[in-house]
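A short write-up of the structure that comes next.
The values are calculated or read from the model by the stated rules, or taken from the named source; none is laboratory data. The structure displayed is predicted, hence computed values, not measured ones. We place every Cβ from the backbone using ideal geometry, glycine too, and count neighbours over all the protein chains shown.
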């Protein structure tokens, strides 16, 4: 039997929530679709589309194959779609896990400020859950959109509880901390848990949260997002079953505070004309699959290359370059002079700079094994150094990157990038966002499904039954299930 | 190379070696090598005997734990979510099987559901974090590669040893925890290590199992004294098992996860002070921590700290009965407790069983009132008794400076200040069951039989006792799991 859905109790909880935890539960429970602003709707739909695309592309990665293999040892009657696969399904928890891993497998997913990867922790859980409701209950696109935004909002609010969170992390990987909580909140919303259950979902989720940063730049990093999605969903399900945790989990230093050295929780604004964080602060969407900090470097390096090529040669004059200096913020886990794997290459200022200098731009292909190890790149890497100017703070809101190439004749060509294209200050245009999605989904889904997803997401608030999204994600086309494409 | 500008922080240099092989001189690789290379011959008689006692006790508390509400929830959840590949047994439910990781989860929850499971020094609940994973894994393996009882016992001890060694990386770990609940930190890695050993993973895979497990570790203390606390042990054992399985599938993590990595935390993320030390690869002889430091077994289902005040309360109760002829609460003006400082076990008026198990005040008063503390002391009706509440009203708490929040050093003192002006005192430095005063074999068996009888018939109970006692001679260790 599937998950039991409970009817929302009509009885109101006491209006005064004296704890931050209780307040969060109240807001998660109380937010409704009318409170979504246009900007929030538009931005979150862009995030959903981008996340689906990077997830589809990610299903082709080795890490994703491994987790799918592993997850297949569990199967049941109840099942959810694995994006890009018609050939097998998994229980919702493992579907959330595998799809979450797919989303973060190449570090191609969205990034927010304060820093985390918000969508990958939430969307896979919601989509998996939406397929696991009893047949009669349809989840509309608007339900999905609202729950998605609840999940994003909770993450953002939690990140504001600590000054530490403003900078690029050093101890715990944020998606594993706030992502788990966001997933729990989003799933609690979709499941229509009552206030007490929402509180418990948050409390239980906290006991799953947290993963050390040292696993970034390894094959495990994608699992941080996969696990965040999965464990948040599990927490909500356990709360639905009546499991109880600490009702002040967000208030206590020994609660969520355990993950931070400075922790100052605050209650959320009142529900009346609710001010969503996504309204004030957009996400950054990546143009190529690597750590966000490398995007500044790529833009600066491409620009330097253009200047170098004014002599109209077809190849970069490698032997004319004496050294390359990168002025970057100090971020230890992205400082890798000589990366040996694709995971490391995605977390290397040096690699991305040299790659962009050689090729003019970065793409998915830049991280293929043959490109990571090519001799020309290795040669250029040997000439590359980092500098950390004191005014270059390790924050995605304020960092910059400067690339300088010093030639043998003594001249220097340089360029500085303060805001790369795709950053929240310079968001991707609609066409470019779609192009990224199409390019990602191309090798995985048929054209009709690709088109179907774009259309469905763009009209999400009008979609009557969001399972049409899952249908497309599994690779089926619109023609197979025409009745599901009904818009309100 | 021209280096006119000073090279700023070198950061984390990656060697050109593929991530599969960790360089030999790292702490992480020393752990991986130990897990891989240690043999049954390295288990001393003391270690064997102690660890078998732990296995028996752990099974017992798990069996009685299968009667709890939190267990019900966990089991229901697992059964609703999954049905296939159900090969692993669940404590106290002979007809039920679950997938290995969920069986481990459920049994782990059972084990810690009443806070009745063993405690070590430095503080953690070691057995619940590893035994369920091993039991589940033993049933997962094909019949021609089943590990024997000695392999099982060895894997169990590897899991213990790794947990103990990890806790020695931080002085913080010596005291009762404040931030992260230790079973969720070291327990997860212990489970990964134990499972990796049972599954005979390669050294590199053992290394990655630890790394993967680190990303699944860590739960905040705030959920202690709530219904969610048992999940910490359930998840430790389950996620450690998952980590080992994933490593077995070829998943790779950071090979320096246990080492100190400045600017980018590995396992050190869970501590503010962290000094990792390598394990020596066992040559002819390896001294397991369990040899030097035994475990404490609980006599009643409550936080370990409670055991000191209960023994002190029982002692002063006897004095009081001698003095007054019977236990007469009306003669008592104040009950003074001298206890160490530890917020999560200082609760003047607990309102749930979970809180009651984490309340010095409650346990002292229950002992005074009833002359003993047992399973029944924590039922709803017992917690809310009028006479008990009246006693609780008289309690005053003091934190003497010399009473450190440390399971090796703390003491409990209960003083009855009577209306007559007389003062009666009971003090306990070492309760019966503590590692300094271990439970006798008879006491341990009595506890097991009492626990197991809630869910199993007598023949099965005796069969388990015999099996664990002769564990080294068991040819197929999955029989242990099947007998539950």
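Residue B:40 falls short on exactly one of the conditions (1) under 19 Å from residue B:183 (Cβ atoms); (2) touching a helix residue (DSSP H, G or I) at 6+ places or on another chain (Cβ under 6 Å), and that condition is (1).
Comparison of B:272, B:215, B:265 shows that the only residue that is more than 22 Å from residue A:228 (Cα to Cα) and at the interface with another protein chain (Cβ under 10 Å from one of its Cβ atoms) is B:272. Looking across region A:175-200, the residues that are out of contact with any strand residue (DSSP E or B) (no Cβ under 9 Å at 6 or more places or on another chain), within 12 Å of chain B (Cβ to nearest Cβ) and either under 18 Å from residue A:118 (Cα atoms) or assigned to a loop (DSSP other than H, G, I, E, B) (or both) come down to A:175, A:177, A:180, A:181. Looking only at residues in region A:202-225 that are more than 21 Å from residue A:170 (Cβ to Cβ) and free of Cβ contacts under 8 Å to residues at least 40 places away in the same chain, the one that is nearest to the other protein chains (Cβ to nearest Cβ) is A:207. Restricting region A:243-256 to residues that are touching a residue at least 40 places away in the same chain (Cβ under 8 Å) and surrounded by fewer than 24 Cβ atoms within 10 Å (Cβ to Cβ), the residue that is nearest to the other protein chains (Cβ to nearest Cβ) is A:244. Can you confirm whether region B:147-164 contains a residue that is surrounded by 24 or more Cβ atoms within 10 Å (Cβ to Cβ), in contact (Cβ under 8 Å) with a residue 24 or more places away in the chain, out of contact with any strand residue (DSSP E or B) (no Cβ under 6 Å at 6 or more places or on another chain) and within 14 Å of chain A (Cβ to nearest Cβ)? There is no residue in region B:147-164 that is surrounded by 24 or more Cβ atoms within 10 Å (Cβ to Cβ), in contact (Cβ under 8 Å) with a residue 24 or more places away in the chain, out of contact with any strand residue (DSSP E or B) (no Cβ under 6 Å at 6 or more places or on another chain) and within 14 Å of chain A (Cβ to nearest Cβ).
Being assigned to a helix (DSSP H, G or I), touching a strand residue (DSSP E or B) at 6+ places or on another chain (Cβ under 7 Å) and either within 14 Å of another protein chain (Cβ to nearest Cβ) or surrounded by 24 or more Cβ atoms within 10 Å (Cβ to Cβ) (or both) is the requirement here; does residue A:98 meet it? So residue A:98 passes the test. If you filter region A:319-348 down to residues that are in contact with a helix residue (DSSP H, G or I) (Cβ under 6 Å, 6 or more places away or on another chain) and part of a helix (DSSP H, G or I), you find that the one that is nearest to the other protein chains (Cβ to nearest Cβ) is A:334.
Exactly one residue out of B:405, B:415 is modelled with pLDDT under 95, surrounded by 15 or more Cβ atoms within 10 Å (Cβ to Cβ), more than 30 Å from residue B:450 (Cα to Cα) and in contact with a helix residue (DSSP H, G or I) (Cβ under 9 Å, 6 or more places away or on another chain), and it is B:405. Residues of region A:102-141 that are within 30 Å of residue A:368 (Cβ to Cβ) and outside any helix (DSSP H, G or I): A:105, A:106, A:107, A:108, A:109, A:110, A:111, A:112, A:115, A:116, A:117. Restricting B:99, B:138 to residues that are in contact (Cβ under 8 Å) with a residue 40 or more places away in the chain and either within 14 Å of chain A (Cβ to nearest Cβ) or touching a helix residue (DSSP H, G or I) at 6+ places or on another chain (Cβ under 8 Å) (or both) narrows the list to B:138.
Number of residues in region A:299-328 that are in contact with a strand residue (DSSP E or B) (Cβ under 8 Å, 6 or more places away or on another chain) and at pLDDT 90 or above: the value is 14.
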